[in-house]
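> Just passing along the structure, written as structure tokens.
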Amino acid sequence: MEIKVLGAGCSKCKATYTAIDKVVKENGLEVTLTKVEDIMELLDYNIMTTPAVVVDGTVRIKGYIPSESEIKRMLGI
């Protein structure tokens, strides 16, 4: 599974990355987690608000920091 956190490095984007990383590590998931801060790459996903979370190429969350329970649901845990 590939997860990308899209955002220009704001505190919400960092918090989203940290929350997802925590859930992934706590549950021993095989996930490639990356931060995308390049504006041109962000535009490819057609998002207007950050942070956004992309799972296997599909935008799943945009505009807010997801809770741990929402991250777990998104990852099928």
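> Need the full-extension length gain, Glu68 to Cys10, defined as separation in residues times 0.36 nm minus the C-alpha distance. One decimal, nm.
Numbers: separation 58, 0.36 × 58 = 20.88 nm, distance 1.93 nm.
Full-extension gain reported as 18.9 nm.
> Quick check: the angle from helix 11-26's long axis to the longest principal axis of the chain, C-alpha only, nearest 10 degrees?
30 degrees
> Where does the chain land on Rg/Rh, using Cα atoms and the Kirkwood Rh? Could the numbers behind the result be given before it?
Details: Rg = 11.4 Å, Rh = 12.2 Å.
Reported Rg/Rh, Kirkwood definition of Rh: 0.93.
> Just to be sure I understand the model, the point goes 7 Å from the Cα along the line to the Cβ. What's the resulting Thr32 to Val59 distance in nm?
2.2 nm
Read the figures in this text as sums done on the coordinates, not as results from a lab. Keep in mind that what you see is a predicted model, and the values were worked out from it rather than measured. Note: ideal-geometry Cβ built from the backbone for every residue, glycine included; neighbour counts use all protein chains shown.
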